[in-house]
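A.B. asks: Structure in structure tokens, see below.
The values are calculated or read from the model by the stated rules, or taken from the named source; none is laboratory data. Given the structure is predicted, the values throughout are model-derived calculations rather than measurements. Glycine gets a Cβ as well: all are built from the backbone with ideal geometry, and neighbour counts include every protein chain shown. Just so you know, the surface numbers come from the protein's heavy atoms only, side chains and all, with ligands and any DNA or RNA stripped out. Shrake-Rupley method; radii C 1.70, N 1.55, O 1.52, S 1.80 Å.
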Amino acid sequence: MTDLDQRIASVLRERAEGEIDTHRLLHRSRARGRRRQLRRRVATGTALALVGVLGFVGVTGTDFVGLPGRPPWTAATPAAAAPVPPRADGVPGAAQRPDLVGADPQLLHLGVDPAKGRYLGWEVNETQVESVRFDAGGGQAVTVEVARSATAFDGLGISGWLADSPPEPTFDGSIQRVVLSNGSPGYVTWWQPATGLYARASMRGEDPFALTRAITAVRWDEARRCGGPVRLTHLPEGASVRRCAVDVATFPGAMTASFTIAGPRSAAMYVELRYGAQIAGGRTDGNLTINGRPAHRYGDNLELLGISKAHLIVNFGWPGQGFTEADAATVLVGARVAQDVSRPDTWG
């Protein structure tokens, strides 16, 4: 760690009980760092990330200089490729078209640099907020969320966090410390990566400096398909996808991709692909067929059979009677599942 890094860390510790003034941090860091020109160059990326131009780093793809070591997933070629949402060719990223963020729940308009972070999951929710969750190294999980309106974060809690006094959004790049209900610390920051974009990043842990490092992994100039190994191409008349979420935290052992489909009169239908490396075979004798393929209905669930080590299930009966078995069959007919769910390079 350079002298400048140590001074930055010292200021962060001084303000650990409340909001961190990143502008003050930058001023003190630069004032004391000019004595060594070479070290100042090394630390420039650090200072910029802390002062609130986080979006510039993400949009341009500027590397975080001076970060020691390599992420554990780059040290050697893994047995299975790391899961990555497939690219959506021809679709602009959030930096180019902020107005598209959250508009289509089957599309993400941001990504993660695989050299700096390993995906744990991603989501587009009903409030038109897109998010990615990734391991920034050392098992530190970071969640980055983006919306095209600051009001999208009003009342939007941080997933998995329970805090007595959640901080208010600032969108100025400052970092706030939050004491969670179990006494453990967490850090959160809000900023604008580009005009018309509003972002929030959060991380549990003792080191707020790790949060600013992690944010440099986000890419705002690319678009990806949310469903991972699944694409829904047919929906019942008047229905639309309202939410898409993928969890790959335990991949290649297991993964899930889920969708919420909304219809007229508050009808809802839920689609889920559950993959497990330990699933031995699967049901092949259904009690009906869908477009010539075996399927099985049990209660208000309809499962499409014949997918290796996975279950593709539609629940169509809750909370209302708006959807029917025929509607569920329509969704399954149009579901495009990767040839090999265990291989992310086949997702598309």
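A.B. asks: Show 225, 231 ordered by accessible area, largest first, where the area counts protein heavy atoms only and the probe is 1.4 Å.
C.D. replies: 231, 225
A.B. asks: When only DSSP loop residues count, what GluC sites (Glu not before Pro) in the range 104-145 have their Cβ near at most 13 other Cβ atoms within 10 Å?
C.D. replies: Hits after loop and neighbour filter: 126.
A.B. asks: If the only charges are +1 at each Lys and Arg Cβ and -1 at each Asp and Glu Cβ, what is the size of the charge dipole of the range 98-225 around the Cα centre, to the nearest 20 debye?
C.D. replies: So the dipole magnitude of the range 98-225 works out to roughly 360 debye.
A.B. asks: What are the residues whose amide H is under 5 Å from the amide H of residue 120, where those residues sit 5 or more places off or on another chain and H is modelled from the backbone?
C.D. replies: Amide H neighbours of residue 120: 133, 134, 135.
A.B. asks: Assuming 0.36 nm per residue, please report the length gained on full extension of the stretch residue 106 to residue 343 beyond their Cα-Cα distance.
C.D. replies: 83.3 nm is the gain from fully extending residue 106 to residue 343.
A.B. asks: Can you give me the solvent accessible area of residue 234 with a 1.4 Å probe, rounded to the nearest 10 Å²?
C.D. replies: 90
A.B. asks: Probe 1.4 Å, all protein chains in place: accessible area of residue 99 in Å², nearest 10?
C.D. replies: For residue 99, solvent-accessible area is about 80 Å².
A.B. asks: Multiply the residue gap between residue 240 and residue 300 by 0.36 nm, knock off their C-alpha separation, and tell me the result in nm, one decimal place.
C.D. replies: Here the answer is 19.6 nm.
A.B. asks: Which order do the peptides 206-216, 265-275 take when ranked by the mean count of other beta-carbon atoms within 10 Å per residue, highest first?
C.D. replies: So the peptides 206-216, 265-275, ranked by packing, come out 206-216, 265-275.
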